[in-house]
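See below for the structure under consideration.
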Amino acid sequence: MRNARRLRAGLRGWGGVGAMATLCALALIFALVLTSTGSPSGPGKEPRTAGQGVTDAVDAKAAEECDDPEKQTLTPSDTDGQVIDAIKARPGEKRKLVVGIDQNSYGWGYRDPNSGGGTRLEGFDIDLAHRIAEDILGDRDAVQFKAIPTDQRIPAIQDGRVDMIVRTMTINCERLEDVAFSAPYFTTGQQVLAPKISPVQGYGPTLADRKICTAAGSTAYANLEADKARGALPRSADIRTTVPNQLDCLVRLQLGEVDAVVTDAALAGGQAAQDPTVELKGDSFTTEYYGVAMKDDADDLVRRVNQVLVDFGEDTANGWQASYKRWLSKTLGSDPGSSEPPAPEYLRVS
């Protein structure tokens, strides 16, 4: 079913009767192959279980009904499974949770030069990663951090470089075709960052003839590209400047190489705090949710992370609110849209 889902995604742009006929033929061939082989074969393949069948049904439903991507996740569970068992079985010093993070996003994942000799990673995402490691391995420090550029987040998961990405990663339908997400742990939206003296007033007409910077592979760039195509953004807006990491956009802005940055308000607020000559312009023009990304078949890990998020949100002493107050309250304030953990919703399989 997962392969069939990807075939559907590939044919999405064809349209018409021809695409449907092709899809039906491919689905029939796939069904015949499964019938003749009984189960997947090859190195590392395991016979399909009843639980995996339910997972495929969830995947298919998520792909077909992706109006609310933040709700396309599995119910919480603290039960170990195949993926978690493999993490726990790592020998010696390798018995760690491997987490992809950002090391340049103020308040989220960054190296504070004034603490720990500038080597210690800190921030909201870092706190969450430690919490997940503590739950799975019994040691909050049993985590190996890997700095992953924005456009490498999905490849890093798919090729096994990391167990998960905890890196201000927006849950969206396109990404759900490639990875699985936890329930959302933060609410934000896209916003414009520009110099205080700039005539740019926000997202819209004042971006005409302006150079805009975004991170490659980011939701921001996808939004800009789509809005230009449908006329919601001035066609003269130049969106060609993309960078590997979001902080690089602030540097481009400071050097005068671009006129504005479009990114998540949660990240833009941190950048404004780092440079008093820039500010957020206008209001957020989208609503988005950050989630922890994992391999699309890592069901037990997804469920476990969702359970951790429940516990993290309910922990009044050392949980979500404490981390928000420490790392984000100075830049994001008490905005009710971001200063409370989002209420999770999960897929139900009938």
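For every residue, the table says whether it meets (1) touching a strand residue (DSSP E or B) at 6+ places or on another chain (Cβ under 7 Å); (2) among the aliphatic types (A, V, I, L, M); (3) surrounded by 22 or more Cβ atoms within 10 Å (Cβ to Cβ); (4) under 20 Å from GLY291 (Cβ atoms).
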residue	(1), (2), (3), (4)
ALA194	yes, yes, yes, no
THR206	no, no, no, no
CYS213	yes, no, yes, no
ASP238	yes, no, no, no
THR242	yes, no, no, no
ASN245	yes, no, no, yes
ASP248	no, no, no, no
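Could you go through the stretch 337-348 and let me know if any residue there is under 21 Å from GLY100 (Cα atoms) and of a type in the set (Phe, Trp, Tyr). Within the stretch 337-348 (the criterion being under 21 Å from GLY100 (Cα atoms) and of a type in the set (Phe, Trp, Tyr)), the answer is no, since none of the residues qualifies. Which ones in the stretch 215-227 are touching a helix residue (DSSP H, G or I) at 6+ places or on another chain (Cβ under 7 Å) and either more than 24 Å from ALA273 (Cα to Cα) or open to solvent by 40 Å² or more (accessible area, probe 1.4 Å) (or both)? Scanning the stretch 215-227 gives a single hit, GLY217. If you check ALA31, ALA62, ALA21 for being aliphatic (A, V, I, L, M) and either modelled with pLDDT of 95 or more or surrounded by 13 or more Cβ atoms within 10 Å (Cβ to Cβ) (or both), only one passes: ALA62. In the stretch 173-190, is there at least one residue being surrounded by fewer than 24 Cβ atoms within 10 Å (Cβ to Cβ) and more than 19 Å from the chain's Cα centre (by Cα)? No; the residues of the stretch 173-190 include none that is surrounded by fewer than 24 Cβ atoms within 10 Å (Cβ to Cβ) and more than 19 Å from the chain's Cα centre (by Cα).
Whenever a residue of the stretch 214-235 is over 17 Å from LEU193 (Cβ atoms), its partners that are polar (S, T, N, Q) and open to solvent by less than 20 Å² (accessible area, probe 1.4 Å), lying with C-beta atoms within less than 6 angstrom and at least six residues away or across chains, give the pairs GLY217/THR150. If you go through the stretch 199-211 and pick out every residue that is outside any helix (DSSP H, G or I) and hydrophobic (A, V, I, L, M, F, W, C), you end up with 2. If the condition is being surrounded by fewer than 17 Cβ atoms within 10 Å (Cβ to Cβ) and in contact (Cβ under 8 Å) with a residue 24 or more places away in the chain, then the stretch 255-275 contributes GLU257, ALA273, GLN274, ASP275.
Scanning the stretch 82-104 for residues that are within 19 Å of ALA156 (Cα to Cα), touching a residue at least 60 places away in the same chain (Cβ under 8 Å) and not β-branched (Val, Ile, Thr) gives LEU97, GLY100, ASP102, ASN104. Only a single item in (1) within 22 Å of the chain's Cα centre (by Cα); (2) crowded, with 19+ Cβ neighbours inside 10 Å; (3) closer than 17 Å to SER105 by Cα is not met by VAL278, and it is number (1).
The values are calculated or read from the model by the stated rules, or taken from the named source; none is laboratory data. Here the structure is a predicted model, which is why all the values come from computation and not from measurement. We place every Cβ from the backbone using ideal geometry, glycine too, and count neighbours over all the protein chains shown. For the accessible areas, the whole protein counts, side chains as well, though only heavy atoms, and no ligand, DNA or RNA atoms are used. Shrake-Rupley method; radii C 1.70, N 1.55, O 1.52, S 1.80 Å.
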